[in-house]
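Shown next, in structure tokens, is the structure this report addresses.
The values are calculated or read from the model by the stated rules, or taken from the named source; none is laboratory data. Remember, predicted model here, so these are calculated numbers, not experimental data. Note: ideal-geometry Cβ built from the backbone for every residue, glycine included; neighbour counts use all protein chains shown.
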Amino acid sequence: MTPLLGIESVLLAALIVAAFDPPGHFFFEVRFRVSQLVDPALHRERGESQRCAFCNYRGKLTSEHIWPERFQTLFPELKMVKVQHGDPRSPLEFDAMAFTGKVRIDCDRCNNIKLETIERAAMPHIKFLALAIHAGVLPFDAQRKLAAFGVRMLAVGQYTHTQLRPIPRHHREHLVLNRSPHQHTEVSLWAYYGPNFQAPQVRGIPQKVMLPGERSPDWINAYRGIVRIGHLVIEVAGRTDGRPVVFLPKPPGTFVRIWPIDLRGPQVWAPNKSMTEVGWEQRVADLDRAITL
Ligand SMILES: [Zn+2]
């Protein structure tokens, strides 16, 4: 039995942190229940009242699991966990059953068919990587499925925050329509061996990016996010202004980029160098900074 399944753990359900908001503005104010962390109907996106977050449906919405229910099978020893929200510098914490948090954001079809398909397709690969099974390649189809799942985690997790929506509608609709990230999104995988590998996390932020020669954008034009599941880290960066750009810092040989798919050859797991606790903290700290390349 792997220690991943035997250690009492902490679940950080979702931390959505804004680079441009002052500290202390990260907490949602509604009274929450474990089964309904945030009701986006109380914190609507403009023009989005009673509208599915992933398609054009308007009407009755359903409760989407922030973490897929299958994680209860993947992590059977995780029963009661600590859930943390908001600004990591002064987080709001409470105890909850693992992987039971929901947000009422999508229609029945997106919840139970489209996102369900993305989750089910990725799960065998996630299990393989989360348990740090070292030998193996990631076939192209597996890369697409894992990349889609990483974006799915950020897109759903962002609704645990009252206002911040780093993954915009057109990227969300593209996800469910194509079961793949938007073509202006980049997804990389890391192997993580820090002490907190048994603490699943998802964090995401909106960002501004500009390439040399571009003028500073007047609005948020990108997002970054990071998901940790066991020994697997999925890092996502997307540009939302129509420009194709890859902007995750990439020291050579340190991790595996799976999206856009590099068709020159399947990717090998684990990456040559793994992420330490220091490396993890640095990547998370990077989320707080806007990037100019
Ligand atoms: Zn829908």
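Values as computed for the structure displayed
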item: Flag for R165 being among the charged types (D, E, K, R), over 24 Å from K127 (Cα atoms) and touching a helix residue (DSSP H, G or I) at 6+ places or on another chain (Cβ under 9 Å); result: yes
item: Residue list for segment 136-176, filter: free of Cβ contacts under 8 Å to residues at least 12 places away in the same chain and either out of contact with any His (no Cβ under 7 Å at 6 or more places or on another chain) or among the charged types (D, E, K, R) (or both); result: D141
item: Subset of segment 91-109 [in a strand (DSSP E or B), within 25 Å of E48 (Cβ to Cβ) and out of contact with any helix residue (DSSP H, G or I) (no Cβ under 9 Å at 6 or more places or on another chain)]; result: L92, K102
item: Single match in V209, V202 (criterion: modelled with pLDDT under 90, buried (at least 22 other Cβ atoms within 10 Å of the Cβ) and under 20 Å from E277 (Cβ atoms)); result: V202
item: Of the criteria (1) small (G, A, S); (2) in a strand (DSSP E or B); (3) closer than 20 Å to E235 by Cβ, which one A148 fails; result: (2)
item: Single unsatisfied condition, A122 versus (1) surrounded by fewer than 20 Cβ atoms within 10 Å (Cβ to Cβ); (2) without any contact (Cβ under 8 Å) to a residue 60 or more places away in the chain; result: (1)
item: Unique residue being of a type outside the set (A, V, I, L, M) and in a loop (DSSP other than H, G, I, E, B) when the list is G225, G157, G204, G213; result: G213
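Yes/no per residue for (1) under 14 Å from the mean Cα position of the chain (by Cα); (2) in a loop (DSSP other than H, G, I, E, B); (3) within 15 Å of I229 (Cα to Cα):
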residue	(1), (2), (3)
Q163	no, yes, no
H170	no, no, no
L177	no, no, no
S188	yes, no, yes
